[in-house]
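Everything on this sheet refers to the single structure shown next.
The values are calculated or read from the model by the stated rules, or taken from the named source; none is laboratory data. Remember, predicted model here, so these are calculated numbers, not experimental data. Neighbour counts are summed over all protein chains in view; Cβ atoms, including those assigned to glycine, are modelled from backbone coordinates with ideal geometry.
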Amino acid sequence: AQKVTQAQTEISVVEKEDVTLDCVYETRDTTYYLFWYKQPPSGELVFLIRRNSFDEQNEISGRYSWNFQKSTSSFNFTITASQVVDSAVYFCALSEYYMEYGNKLVFGAGTILRVKS
Amino acid sequence: GAVVSQHPSRVICKSGTSVKIECRSLDFQATTMFWYRQFPKQSLMLMATSNEGSKATYEQGVEKDKFLINHASLTLSTLTVTSAHPEDSSFYICSARDGSGGDIAKNIQYFGAGTRLSVL
């Protein structure tokens, strides 16, 4: 069965520190997709990134970077030089290719990130 | 990115009344929409998957008669909480996925801003 584990319930950092949010997943499929979403206090989930299982290249977008390690089934998210506006709940999610019609997203429990000034 | 509008953002109602929540995809056609429920400091719990023109598929443990879902068009899905009770108070979030790309597993779900329901 599919499962996404975000072991860090809550992380607090001081502004300008780097922070890494961990995500470990389980799947029996060879084709799957991984996502990260951000949920600020307003509640709306904001899409950050999608990665397919065949693309292990790391990705960088501004202060955000993602490290996909298929060998360890991990898809970690790093924020460099964190800012107060980064404070939010971050969710990692998994979608499998061969799931039943509907291709549900399986979410991790989320990591609360608090960035203090 | 694509925009999903969810309305209302907040509703307070008396016990026993029904509440309708709308979810609209504004700039794309959503063949599939999803309804989630989120309790404080918890992850999203999928309630049902809604496909345009067909009956919704409910997750185990979700009462289909309590949570009525209608997906009448490619841009609109509604969730009606019937005879709401205080235990139905929660944050409800919808998402919409563009199914026009073949491999639907890769398609991104875009989320609405959520509806905070408080039942007195």
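For A:Asn58, the stated conditions do not hold, so it cannot be described as away from chain B (no Cβ under 11 Å) and touching a Leu at 6+ places or on another chain (Cβ under 8 Å). What do you reckon, is A:Ile79 more than 19 Å from B:Lys41 (Cα to Cα), touching an Asp or Glu at 6+ places or on another chain (Cβ under 8 Å) and aliphatic (A, V, I, L, M)? Yes; evaluated as a whole, the condition is true for this residue. Of the numbered criteria (1) within 12 Å of chain A (Cβ to nearest Cβ); (2) part of a strand (DSSP E or B); (3) at pLDDT 90 or above, the one B:Ala113 fails is (2).
Identification of strands (runs of 3 or more DSSP E) wholly contained in region A:1-114 with 2 or more residues that are crowded, with 17+ Cβ neighbours inside 10 Å yields A:19-21, A:24-26, A:32-39, A:46-52, A:64-69, A:74-79, A:88-96. Taking the numbered list (1) within 14 Å of another protein chain (Cβ to nearest Cβ); (2) in contact with a strand residue (DSSP E or B) (Cβ under 6 Å, 6 or more places away or on another chain); (3) in contact (Cβ under 8 Å) with a residue 24 or more places away in the chain in turn, A:Thr78 passes all entries but (1).
Among the residues of region B:17-48, just one is outside any strand (DSSP E or B), away from every other protein chain (no Cβ under 11 Å), at pLDDT 90 or above and closer than 18 Å to A:Phe47 by Cβ, namely B:Leu26. Does A:Ile112 fit the bill of being more than 12 Å from every other protein chain (Cβ to nearest Cβ) and on the phi < 0 side of the Ramachandran plot? Considered against the rule, which asks whether it is more than 12 Å from every other protein chain (Cβ to nearest Cβ) and on the phi < 0 side of the Ramachandran plot, A:Ile112 comes out as no. Is it the case that A:Arg50 is more than 11 Å from chain B (Cβ to nearest Cβ) and closer than 28 Å to B:Thr32 by Cβ? Here the answer is no, as A:Arg50 does not meet what is asked. Of the residues making up region B:88-105, those that are of a type in the set (D, E, K, R) and at pLDDT below 95 are B:Arg97, B:Asp98, B:Asp103.
Yes/no matrix, rows are residues, columns are (1) under 11 Å from the mean Cα position of the chain (by Cα); (2) under 30 Å from A:Gln8 (Cα atoms); (3) outside any loop (DSSP other than H, G, I, E, B); (4) of a type in the set (Lys, Arg):
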position: B:Ser50; (1), (2), (3), (4): yes, no, yes, no
position: B:Gly61; (1), (2), (3), (4): no, yes, no, no
position: B:Asp65; (1), (2), (3), (4): no, no, no, no
position: B:Ile69; (1), (2), (3), (4): yes, no, yes, no
position: B:Ala72; (1), (2), (3), (4): no, no, yes, no
position: B:Ser83; (1), (2), (3), (4): no, no, no, no
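Summed over region B:17-48, the residues that are over 12 Å from the mean Cα position of the chain (by Cα), surrounded by 18 or more Cβ atoms within 10 Å (Cβ to Cβ) and within 15 Å of B:Thr82 (Cα to Cα) give a count of 1. The lone criterion from (1) within 30 Å of B:Arg37 (Cβ to Cβ); (2) touching a residue at least 60 places away in the same chain (Cβ under 8 Å); (3) touching an Asp or Glu at 6+ places or on another chain (Cβ under 8 Å); (4) not charged (D, E, K, R) left unmet by A:Phe107 is number (3).
Consider region B:1-16 and keep the residues that are modelled with pLDDT under 95 and more than 12 Å from the chain's Cα centre (by Cα). The one that is surrounded by the most Cβ atoms within 10 Å (Cβ to Cβ) is B:Ala2.
Residue check: is A:Asp29 in contact (Cβ under 8 Å) with a residue 24 or more places away in the chain, within 14 Å of chain B (Cβ to nearest Cβ) and of a type in the set (Asp, Glu)? For A:Asp29, the condition - in contact (Cβ under 8 Å) with a residue 24 or more places away in the chain, within 14 Å of chain B (Cβ to nearest Cβ) and of a type in the set (Asp, Glu) - is met.
So B:Ser95 fits all but one of (1) more than 30 Å from A:Gln8 (Cα to Cα); (2) within 10 Å of another protein chain (Cβ to nearest Cβ); what number is the exception? Checking B:Ser95 against (1) more than 30 Å from A:Gln8 (Cα to Cα); (2) within 10 Å of another protein chain (Cβ to nearest Cβ), the one that fails is (1).
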